[in-house]
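The values are calculated or read from the model by the stated rules, or taken from the named source; none is laboratory data. Quick caveat: nothing in here was measured; it's all calculated off a predicted structure. Note that we place each Cβ from the backbone using ideal geometry, even for glycine, and neighbour counts take in every protein chain shown.
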Amino acid sequence: MNAGRVDVHHHAILPAIAQLMREHGATFTLPWSLPQTWQVLADNRIDVALVSNPIPAGLFDSVEVAARFNRAANEAVAELVAAHPGRFGLLAALPMPYVDAALDEVAYAFDTLRADGVVLIAHAGDSYLGAPIYDPLLAELNRRRAVVLVHPMTLPGGPVDGVPPVLADFLLDTTRAAISLIWTGALDRYPDISFVLAHGGGFLPYAASRVAALGEAFYDVPAAQVRSALGRFHYDLALTAPSGLPSLLAAVGPDRILYGTDWSAAPEPVVAAGGRAIDRQLAALDPAARAAIERDNALRLFPRLRLTR
């Protein structure tokens, strides 16, 4: 494999998925085309993109509909991966919060579609990922030593006037999911899951000192446990540089950081600007650290990618 980047936070709303969304009442779909995606990959020196399409739990009114939608969406992405081996991977979506259906989709995604991992939304309803309802799902993902991208949605209760969810709520949603995994002990019970927190971990790296100090003072969660947990997550850089990367490097160091773009949720100029900011900030690191962030950390998480280039 050459020195190109591995993008671990990449969306592809294929035509079949866009049609599914329209059929289920989605008010919009992300603009996407394969030719434009090839251009984004080339312009940003990306060799491989792990495609994840997190699906809002509130889009469906029954477990059967949720299961069919997630299955069809995953199969559409698997077709893209099969058509372009070595350029794309699949992080399969699961029908949250329906744990039995999610377990069925885990088996199908890994055993039939050969998924590289899964994407989990940070919460469904009022239940974040550390909630007991998700223990059977996390146990199975732990058994499979799965990579799990934790992706945010609008907060429980919905948006408030004057605060666009993508500017604040999404970051807090990821932060809440991470704290839930720490506070409930799920991170310790399922040590073989590799959790990747989207968008640099939300607010977590910036607030790490506060979480550690007040967790111990108010909730009897040892500060050392919080600090250890911070170093067990992985963090993607989608929409994080330049402002968030210094906090992330201070909190965890380069061995836990992964390159990501958020294409096609983020428009092409935003992806390009983020890539330039990452280049400027990584220039201060040694070559091994830069290579780790841009590709080597991802190749350790997704060893299949080494074999398909």
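In table form, for the structure just shown:
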read-out: The stretch 63-91, subset among the small types (Gly, Ala, Ser) and either within 14 Å of LEU14 (Cβ to Cβ) or part of a loop (DSSP other than H, G, I, E, B) (or both), residue modelled with the lowest pLDDT; value: GLY86
read-out: Which listed residue is among the β-branched types (Val, Ile, Thr) and surrounded by fewer than 21 Cβ atoms within 10 Å (Cβ to Cβ), from VAL211, VAL270; value: VAL270
read-out: Scan of the stretch 152-179 for residues that are surrounded by 17 or more Cβ atoms within 10 Å (Cβ to Cβ) and assigned to a loop (DSSP other than H, G, I, E, B), ordered by number; value: PRO152, MET153, LEU155
read-out: Which numbered condition GLN225 misses (of (1) crowded, with 21+ Cβ neighbours inside 10 Å; (2) more than 30 Å from PRO85 (Cα to Cα)); value: (1)
read-out: Qualifying positions in the stretch 6-58 - of a type in the set (Asp, Glu) and surrounded by 15 or more Cβ atoms within 10 Å (Cβ to Cβ); value: ASP7, ASP47
read-out: Residue match in the stretch 241-255 (condition: out of contact with any Gly (no Cβ under 7 Å at 6 or more places or on another chain), closer than 23 Å to VAL148 by Cβ, at pLDDT below 95 and outside any helix (DSSP H, G or I)); value: yes
read-out: The stretch 4-62: number of residues that are of a type in the set (A, V, I, L, M, F, W, C) and not in a loop (DSSP other than H, G, I, E, B); value: 19
read-out: Candidate set from the stretch 59-95 (those that are without any contact (Cβ under 8 Å) to a residue 40 or more places away in the chain and farther than 27 Å from GLN36 by Cβ); member that is surrounded by the most Cβ atoms within 10 Å (Cβ to Cβ); value: ALA66
read-out: Enumeration of residues in the stretch 155-192 that are β-branched (Val, Ile, Thr) and either closer than 16 Å to LEU239 by Cβ or touching a residue at least 60 places away in the same chain (Cβ under 8 Å) (or both); value: VAL166, THR174, THR175
read-out: Qualifying positions in the stretch 192-208 - over 10 Å from the mean Cα position of the chain (by Cα) and either surrounded by fewer than 24 Cβ atoms within 10 Å (Cβ to Cβ) or on the phi < 0 side of the Ramachandran plot (or both); value: ASP192, ILE193, SER194, PHE203, LEU204, PRO205, TYR206, ALA207, ALA208
read-out: In the stretch 105-151, residue surrounded by the most Cβ atoms within 10 Å (Cβ to Cβ) [restricted to those that are under 19 Å from ARG232 (Cβ atoms) and either among the basic types (Lys, Arg) or free of Cβ contacts under 8 Å to residues at least 24 places away in the same chain (or both)]; value: ARG144
read-out: Any pair with Cβ under 8 angstrom, 6 or more apart, that starts in the stretch 205-219 at a residue that is of a type in the set (Asp, Glu) and ends at one that is part of a helix (DSSP H, G or I) and at pLDDT 95 or above; value: GLU216/ALA223; GLU216/VAL226
read-out: Looking only at the stretch 229-243, and only at residues there that are free of Cβ contacts under 8 Å to residues at least 60 places away in the same chain and farther than 20 Å from GLU268 by Cα, the one that is surrounded by the most Cβ atoms within 10 Å (Cβ to Cβ); value: TYR235
read-out: All positions within the stretch 256-281 that are touching a residue at least 24 places away in the same chain (Cβ under 8 Å) and acidic (Asp, Glu); value: ASP262, GLU268
read-out: Hits in the stretch 116-138 - residues which are among the acidic types (Asp, Glu) and not in a loop (DSSP other than H, G, I, E, B); value: ASP135
